[in-house]
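Please treat every number below as a calculation from the coordinates, not as lab data. All values reported here derive from a predicted model rather than from experimental measurement. Positions of Cβ are generated from backbone atoms using ideal geometry, with glycine treated the same way; all protein chains shown enter the neighbour counts.
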Amino acid sequence: MTHKTSDPNRFRSSYYGARYYIDPLPSCLVADATEERWPAVSTIKKAWTGPFSKKHSDGVVYPLDALRVAKFADANWQTLADDAERISAMAASATADLAAASGRGTAVHTMIEDLINGATTLWPGIADEYSSACQAIVDDLDMELIASEVVVIRRGDDESCGWGGTVDAIARIGDKTYVIDWKSRGADSNHGAYDTEAAQVGAYASADYVLSDGHWDEVERVAMPKIDGALIVSIRPDSYALYPIDIEPARDAARSLASTWEHKRQGSALARKAIGPEATAAELISGNAPAKKTRKKAAPKPKATVTPISETINATRPTATALPDEGKDLGEAARQQALDNIAKILTPIQIAALTTWSHRGWTMAGTAHQTERRWTIAGAAARLVALAWEDDAHGVDDDLARALLAAAMNDDGIRQPAVKIADALGSLTIAEAERLRKLVVASNDPAATPSLDDDGIWQVHTFAMAAAS
C-alpha cells in the first residue's frame, strides 16, 4: 500500500499570513488528540532565505524580483504604455514565475508517481519537456513507493517548536528507505542542492508520523517508517541529478532551522512589545508619557475537526466495501479516448488539480477508465475542474465543486468542508456521474452560472438543474 494524503489542505491553516499544520484527529495508538498547530516546513525555511538575486546578460547581479519586473516591462512596454492597470500588471509579474514553477512541480511529481505505478500520464506540453528525464529516474532508481504527497507531522518538544509538511515521496531504493524531494528546474537552470533543501528533507525525515488515507471515509495516523537517508533529485527537461543527503546532519539542520525561525519570531514579538505609543516632548520630559495599552486576548477558536464522510451524507450512499455497479467494460479504446478528452479540456496545472481527486473508486489513469461508471466520472470530474477553476488562485473553488456534486447527488451533506471531493466522486453511480456532467455543461451557460447568495453560499441555477434532470 502506498500512503497518500489526498487532501492536504484539510490539515493546513493560516496564522498571521503564514502556513501552519494541524492534526484534528482523535487519539489513537500513534498519538494523542491535540489542539496544537505547527509551522509548515515551507514557513520555517524562510528563516534562512534572504533576498534572491540573479546575474543578467549584462554581467550585473540584480535583485531577482526587480529583474523579473524589468524583463516583463521590457517585453511588454508598448502594451503597458496604454494600460491603466500597468502598475498591478508589473507588480504581479514579480511572482508569475513562482506560480508557473509550482504548476510545473506538481505536474512532474504526479508524472513520476504515474510512471512508477505503470499508469498512462496526461501531461501535454509539460510531458514533452520532462517525460524523458522522469522516465529515466524511474528506470534507473527502480523504486518501491511507500508514500507519495503525504502529510507528515513532527510535534513540538523541548528541542524544537515542531513542524508539518507534505513530503514528495518516501521510497525503498535497494535495501534503504529514503525521503525524496523532487526539485524541477527550468531548462536554463543548473543542477544543484541547497542548504534549505537539505534541512527540508531532514525535517521530513524527523517526523513522528504521517497522515494517510485509510478506509474510504477516514484519515489515520501511521508511524513514520525508519528512514535510512534522504535524496534531492534535481530535474531539468534534458537530464536529472541525484544528491544524497546524510540524514543525521540534515536532521540537525532542521532543528537549527526551526530554532532560528522561532528565535526570530519571538524576537520580533518582543521588539513590537517594546514600542510604546506616540508621546509629545512635554509628556516625555515630565515623565507622563502615555502607557502602552494591553490588548485583550481573543477568545480561542473552536477546535478544528475532521468529520468522516459517513456522518455527513445520507445512509443510502455506498459503504467502504460496496462501490456502485461499474457497468459494462468499455475496452482499451474508450480508456484512451477518456485520457485524450481530459487533455483537451484541461491545462496541465488543472490536470494536476484533478489528480488530487483520485480515489479507489475512480482514477484518471491505468485501467480504471475501462468501465462505464469510471469513464463517466472522469469526464464529469474534468468538466467540474474547468468550471470551478480560479485563475487568480491557480486552484479549484472546492465549495463550488461540492455545491455541484450535492446537486447531482441530491444530498446537501456533500457541501460540508469535511467531505472529500475525491470520496464523493468515487461514490457516484453511473446515473449521478452523467447528471453531474450535464449539470456542469449547463452551468457553463452565462445565464445559468452558479452564484453566491447573501450568505456566501453557492447556489446552482434552476435552469442547470432542469437541464441535468
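What is the packing order of peptides 162-172, 427-437, 257-267, taking the mean over residues of other C-beta atoms within 10 Å and listing the highest first? The partial results should precede the final answer.
On the way: 162-172: 23.9, 427-437: 21.5, 257-267: 16.4.
Output ranking for 162-172, 427-437, 257-267: 162-172, 427-437, 257-267.
Relative to the compact globular guide of 2.2 N^0.38 Å, what is the alpha carbon radius of gyration of the stretch 210-275, as a ratio?
On the way: Rg = 19.2 Å, N = 66, 2.2 N^0.38 = 10.8 Å.
Here the Cα radius of gyration is 1.78 times the empirical estimate.
Using the 10 angstrom Cβ neighbour count as an exposure proxy, how do Asp399, Asp423, Asp65, Asp23 rank, fewest first? Don't skip to the answer; put the middle values down first.
Details: Asp399 14, Asp423 27, Asp65 17, Asp23 24.
Least crowded to most crowded, the residues run Asp399, Asp65, Asp23, Asp423.
With the cut-off at 27 Å, tell me which of the pairs Lys46/Lys273; Lys226/Lys264; Lys4/Lys226; Lys54/Lys273 have Cα atoms farther apart than that.
Values: Lys46/Lys273 23 Å; Lys226/Lys264 32 Å; Lys4/Lys226 17 Å; Lys54/Lys273 37 Å.
In this structure, Lys226/Lys264; Lys54/Lys273 lie more than 27 Å apart at Cα.
So which GluC sites (Glu not before Pro) in the stretch 113-205 are both in a DSSP loop and have at most 10 other Cβ atoms within 10 Å of their Cβ? Before the final figure, lay out the partial values.
Numbers: sites: Glu113, Glu129, Glu144, Glu149, Glu159, Glu197; in loops: Glu159.
Answer in residue order: Glu159.
When Lys and Arg each count +1 and Asp and Glu each count -1, what net charge do the other residues less than 12 Å away from Cys28, Cβ to Cβ, add up to?
On the way: positive: Arg221; negative: Asp23, Asp32, Glu218, Glu220.
Overall, the nearby charge balance is -3.
When the gyration tensor of the stretch 120-270 is built from Cα positions, what are the square roots of 5 times its three eigenvalues, in whole Å, from largest to smallest?
On the way: eigenvalues 161, 82, 46 Å².
Taking √(5λ) for each eigenvalue gives 28, 20, 15 Å, largest first.
With the cut-off at 1.5 for a/c, could you classify the stretch 1-74 from its C-alpha gyration tensor as rounded, prolate or oblate? Could you put the intermediate results ahead of the total?
Values: a/c = 3.49, a/b = 2.90, b/c = 1.21.
Note, shape of the stretch 1-74 comes out prolate.
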